[in-house]
Amino acid sequence: MTSLFPSLTRALAEALVNVLWFIDGSEDEQMDPDDAVKVLEGVAHVVSTLPGDQRQELIELVGEMAAAETDPARREFLEEFPEGFGLIDDVS
């Protein structure tokens with residue numbers, strides 16, 4: 001069986017982003033807003049504590065995903081992911 005992804009890291013990054021995209025876009029009837037915030041903040045904490053090389057790898061993977069994305073809303077989510085989830089410092 002051939003994988004659609006070039007690496008386990010890429011597959012896991014895709015899966016993580018898919019889950020976060022779903023949670024971020026969920027209506028209150030789909031998911032409790034407080035639970036959604038807890039999940040998003042938990043992920044942000046974990047990825048913000050990655051060592052520099054792993055942070056950079058995830059930033060690059062998400063950048064590749066954004067470049068290939070055809071849905072404008074999802075592309076925007078991907079482009080904002082590194083800053084929004086604590087992979088890079090606030091640049092403003």
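The values are calculated or read from the model by the stated rules, or taken from the named source; none is laboratory data. Computed from a prediction, not measured in an experiment: that's the story for all the values here. Cβ: placed from backbone, ideal geometry, glycine included. Neighbour counts: every protein chain shown. Ligands, DNA and RNA are stripped out before the accessible areas are found, and what is left, the full protein with its side chains, is counted by its heavy atoms. Shrake-Rupley method; radii C 1.70, N 1.55, O 1.52, S 1.80 Å.
Here are the criteria: (1) exposed (fewer than 13 other Cβ atoms within 10 Å of the Cβ); (2) in contact with a helix residue (DSSP H, G or I) (Cβ under 6 Å, 6 or more places away or on another chain). Tell me which single one Val39 does not satisfy.
(1)
For Thr70, are the conditions met, namely being among the hydroxyl-bearing types (Ser, Thr, Tyr), open to solvent by 40 Å² or more (accessible area, probe 1.4 Å) and either in contact with a Pro (Cβ under 7 Å, 6 or more places away or on another chain) or under 20 Å from Glu14 (Cβ atoms) (or both)?
Here the answer is yes, as Thr70 does meet what is asked.
Would you tally the residues in the range 8-27 being over 18 Å from Gly84 (Cα atoms), open to solvent by less than 50 Å² (accessible area, probe 1.4 Å) and not in a helix (DSSP H, G or I)?
0
Among Gln56, Gln30, which is the only one that is open to solvent by 80 Å² or more (accessible area, probe 1.4 Å) and under 24 Å from Ser3 (Cα atoms)?
Answer to the selection: Gln56.
Can you go through Leu78, Leu50 and tell me which one is surrounded by 14 or more Cβ atoms within 10 Å (Cβ to Cβ) and touching a residue at least 60 places away in the same chain (Cβ under 8 Å)?
Residue meeting the stated conditions: Leu78.
When Glu76 is evaluated against the numbered criteria (1) modelled with pLDDT of 95 or more; (2) over 22 Å from Phe5 (Cβ atoms); (3) in contact with a helix residue (DSSP H, G or I) (Cβ under 6 Å, 6 or more places away or on another chain), which criterion, by number, is the only one it fails?
(3)
Given the residues Ala44, Ala73, Ala67, which is the only one that is in contact with a Gly (Cβ under 6 Å, 6 or more places away or on another chain) and of a type in the set (A, V, I, L, M, F, W, C)?
Every option except Ala44 fails the conditions.
If I ask for residues that are within 15 Å of Val19 (Cβ to Cβ) and in a helix (DSSP H, G or I), which ones from the range 62-92 would you list?
Of everything in the range 62-92, those that are within 15 Å of Val19 (Cβ to Cβ) and in a helix (DSSP H, G or I) turn out to be Val62, Met65, Arg74, Phe77, Leu78, Phe81, Gly84.
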